[in-house]
1. Look at region 62-82 and say how many of its residues are in contact (Cβ under 8 Å) with a residue 60 or more places away in the chain and surrounded by fewer than 14 Cβ atoms within 10 Å (Cβ to Cβ).
2. Would you be able to tell me the number of residues in region 40-55 that are part of a strand (DSSP E or B) and either over 15 Å from the mean Cα position of the chain (by Cα) or surrounded by 20 or more Cβ atoms within 10 Å (Cβ to Cβ) (or both)?
3. Determine if region 32-39 includes at least one residue that is surrounded by 15 or more Cβ atoms within 10 Å (Cβ to Cβ) and of a type in the set (D, E, K, R).
4. Looking only at region 68-103, count every residue that is closer than 16 Å to ALA50 by Cα and either β-branched (Val, Ile, Thr) or in contact with a strand residue (DSSP E or B) (Cβ under 8 Å, 6 or more places away or on another chain) (or both) and tell me the total.
5. Cβ contacts < 6 Å: first residue at pLDDT 95 or above and buried (at least 16 other Cβ atoms within 10 Å of the Cβ), restricted to region 96-125; second residue in a helix (DSSP H, G or I) and of a type in the set (Asp, Glu), any location; separation 6+ or different chain. Result?
Amino acid sequence: QVQLVESGGGLVQAGGSLRLSCAASGLTFSSYAMGWFRQAPGKEREFVAALDWAGISYPDSVKGRFTISRDNARNTMYLQMNDLKPEDTAVYYCAADRFRTAQAMAVTTSGMEYWGKGTLVIVSS
């Protein structure tokens, strides 16, 4: 069975930093595009970052502040978040998919192969 487990969320002041982790098991990690998504109350789940064999993708809202990376030997993906803003407050979800690219993850969340259960990030002002 495939399992994705997020960790590293918490409460931080605006301007601070957090690093999220996504530990994967039950899959061949290097064969999957990996991504981060977030969902705030009353809003749809939105794309945050993704990476695959070809490159990395970010939306304008996080470019220059967030960095996605992966360690295939440890089956773990990371999201380094710097200069956090109150609008970054959300539940952050890890995702994995063999059948789409990082760029495709930015277009739609529909049909994503695997999701984690999320980790909460709260940024206070």
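The values are calculated or read from the model by the stated rules, or taken from the named source; none is laboratory data. All figures in this text were calculated on a predicted structure; none of them were measured in a lab. Positions of Cβ are generated from backbone atoms using ideal geometry, with glycine treated the same way; all protein chains shown enter the neighbour counts.
1. Of the residues in that region, 0 qualify.
2. Residues that pass the stated criteria total 5.
3. The first filter runs over region 32-39 and keeps only residues surrounded by 15 or more Cβ atoms within 10 Å (Cβ to Cβ), leaving 32-39.
Narrowing the set further to residues that are of a type in the set (D, E, K, R) leaves 38.
Within region 32-39, one or more residues are surrounded by 15 or more Cβ atoms within 10 Å (Cβ to Cβ) and of a type in the set (D, E, K, R).
4. Narrowing region 68-103 to residues closer than 16 Å to ALA50 by Cα: 68-72, 75-81, 92-103.
Next, from what is left, pick out any that are either β-branched (Val, Ile, Thr) or in contact with a strand residue (DSSP E or B) (Cβ under 8 Å, 6 or more places away or on another chain) (or both): 68-71, 75-81, 92-98, 100-103.
Final tally of qualifying residues: 22.
5. Every condition considered, the pairs that remain are VAL123/ASP88.
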